[in-house]
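In what follows, a single structure is set out as structure tokens and then discussed.
The values are calculated or read from the model by the stated rules, or taken from the named source; none is laboratory data. Quantities reported herein were computed from a predicted structural model and do not represent experimental measurements. So basically every Cβ, Gly included, is an ideal-geometry build from the backbone, and we count neighbours across all protein chains shown.
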Number of protein chains: 2
Amino acid sequence: MRIAMLGLGSVGKGIARAILEQDLGLSLTAVADSKSGRIEPSGIDIASMLEQKERTGMCGTPGVGAADILASDAYDILIEVSPTNAETGEPALGYIREALSRGMSVVTSNKGPVALDYQSLHLLAKEHGAYLRYEATVCGAIPIMHTIESGLAGNTITKLYGVFNGTCNYILTRMAEEGLTYQQALLEARELGYAEADPTYDVKGIDAAIKLVILANAVWGMEKTLDDVEITGIDGVTTAAIALAEEQDLTIRLIGEIIPAEDVLRVSPRIIPKSHPLVVEETLNAVAIDTEMAGEITLIGKGAGSLETASAVISDLLFIRDCHGRRS
Amino acid sequence: MRIAMLGLGSVGKGIARAILEQDLGLSLTAVADSKSGRIEPSGIDIASMLEQKERTGMCGTPGVGAADILASDAYDILIEVSPTNAETGEPALGYIREALSRGMSVVTSNKGPVALDYQSLHLLAKEHGAYLRYEATVCGAIPIMHTIESGLAGNTITKLYGVFNGTCNYILTRMAEEGLTYQQALLEARELGYAEADPTYDVKGIDAAIKLVILANAVWGMEKTLDDVEITGIDGVTTAAIALAEEQDLTIRLIGEIIPAEDVLRVSPRIIPKSHPLVVEETLNAVAIDTEMAGEITLIGKGAGSLETASAVISDLLFIRDCHGRRS
């Protein structure tokens, strides 16, 4: 299958390397970064393209861009891993719409488009007989979507809850372990690169809430937006509250949960037993999937990182390659 | 797709009910228990068949058996959930060979045949263009096989390790929690139905070792047998050793591990930090999958139970139904 990729940051490079080094039956035929692009229907020499990108900052020729690639006939699947605006989803949203409208399947790691416009993208894919896949948008390397649709196929999912934000989990872990205040732990997370200069998006629970919106719409066909999520962040959690919990073998974690029967989407700090599978350390993510046959299945892994995101994108590519038979 | 099922114990009944109650695109056309059977190419009335089984102990007509079903043209997929002999794998092994030889795909929950004869069954399936699926043989409801082949597709699996036996995990949990001796905890496990009258198979690590053999052969194409596994059971673990570990926030679990680079398959009690994702409580199972892109992904869930096993069988059926494109 011929692959076009928009975006060549650390995730895009990781994907290109995997296509180069492994025998996946995939050929990279078009790629664009913010300044340049190239289209080679017979297959790009990935090693030399990456070398050029490293040397010059450009993967191809200036003037060749996303629009040229999208309009070309050089690809079967679009990988959309460009930087996006979380509020509008653009320009990724437009790229994805354009590819789906042309009947091309799309794999993306961008939360924005999927959280903002899932139902319309889903319909567009269906209408044009294309796949839309987005495993990488929720909890990085953890294969939540694949597990629900494949490993737990035939089950009704009754509830989903978990630790969806590694930054918050790091801060809460450090407050519990070392008795740090919220501000001290946040400072430490910033120094280690786990928190942004403006940490609002993470610590206020917004990032976790966006993941709940994606899951609610994808797993249950709901039509939720960020406004439908009850959100409480971790910035009000005190060291004293955590210490009190720890005395009773409990701790505090930021838990996101979807309970379809009660129409609830909620992100909030919760007191849970330290022996609970969701109590993971540092920046790990964890998701518990409740089902009526398989019981509760919990998945734990790295929720962020470029190689981890590349892994999720590649699993989606291979799903499409293997023609799974279910249209998005 | 037309399904034939050999075995109608609690797992088989669970599968039949799921086919009846859910719109899975599957039709049950043949079934046999130890005393009777029925073949109805146009589709069995599952509700009335289950009612007859409940009332008479027989699902069909005496004299109709596995051989008749296997030789018929009434099915596309065989579900093999009959009782088996762990040492010979029979009669399940023969049933599976017969179906695969006729080009029919097979889904089984029987560890014996898969652990004893994986390579030859795998070849037989390949030769006849059939699928052989066995998710239910390792850790019940936990979708290990699906996760490796689908959710982590494109990853190299560098190591697999975990808690593969719920009976041992229950005993070790209770020894740590309540300071019970091994004998006291074993007695409690027996009373609760978590341990057999003869617990050798579980507490000596043999059950966990069989699961490692299946995973080694299936995931890496090894040709291992039970003799290749270094096995130490939990019957030598003392309350004092656990108490000492707990003082330092550590505990003891029976860990099975496969390290392909070192050609190691090993089951043994290990000291691990209590905060480690593999430290699960009571009868839960947990498996950590190490990969080079996705990092470490841990799956936790119920490793036994008839409904949980039925869930795994159904996920395999749906995999085949969806024509995944990869031959066993």
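For the reader, a short list of remarks on this structure follows.
- Being of a type outside the set (Phe, Trp, Tyr), surrounded by 18 or more Cβ atoms within 10 Å (Cβ to Cβ), touching a helix residue (DSSP H, G or I) at 6+ places or on another chain (Cβ under 7 Å) and assigned by TED's automatic domain parsing to the domain that holds A:GLU127 is a description that applies to A:LEU8.
Here's the yes/no breakdown for (1) more than 9 Å from every other protein chain (Cβ to nearest Cβ); (2) within 18 Å of A:LEU215 (Cβ to Cβ):
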residue: A:VAL267; (1), (2): yes, yes
residue: A:LYS274; (1), (2): no, no
residue: A:ASP290; (1), (2): yes, yes
residue: A:ALA304; (1), (2): yes, yes
residue: A:SER315; (1), (2): no, yes
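- Number of positions in region A:313-328 that are at pLDDT below 85 and either under 16 Å from the mean Cα position of the chain (by Cα) or polar (S, T, N, Q) (or both): 1
- For A:ASP263, the conditions (1) on the phi > 0 side of the Ramachandran plot; (2) under 15 Å from the mean Cα position of the chain (by Cα) all hold with the exception of (2).
- Per the listing B:GLY151, B:GLY162, B:GLY140, the residue uniquely within 14 Å of another protein chain (Cβ to nearest Cβ) and more than 27 Å from B:ASP202 (Cβ to Cβ) is B:GLY151.
- A:PRO277 outside any strand (DSSP E or B) and either within 13 Å of A:VAL163 (Cα to Cα) or touching a residue at least 40 places away in the same chain (Cβ under 8 Å) (or both): yes
- Qualifying residues in region B:292-307 (those that are closer than 18 Å to A:GLY154 by Cα and at pLDDT 95 or above) - the one surrounded by the fewest Cβ atoms within 10 Å (Cβ to Cβ): B:LYS302
- With respect to (1) within 24 Å of B:ALA245 (Cα to Cα); (2) crowded, with 24+ Cβ neighbours inside 10 Å, the lone exception for B:GLY151 is condition (1).
- Filter result for the condition that a residue is outside the structural domain of B:ALA32 (by TED's automatic domain parsing), more than 26 Å from B:PRO199 (Cβ to Cβ) and touching a residue at least 40 places away in the same chain (Cβ under 8 Å), over B:THR158, B:THR167: B:THR158
- Matching residues, region B:237-261, being among the β-branched types (Val, Ile, Thr) and either surrounded by fewer than 16 Cβ atoms within 10 Å (Cβ to Cβ) or in a helix (DSSP H, G or I) (or both): B:THR238, B:THR239, B:ILE242, B:ILE259
- If you go through region B:92-109 and keep only what is more than 14 Å from every other protein chain (Cβ to nearest Cβ) and crowded, with 24+ Cβ neighbours inside 10 Å, you end up with B:ALA92, B:TYR95, B:ILE96, B:ALA99, B:LEU100, B:SER105, B:VAL106, B:THR108.
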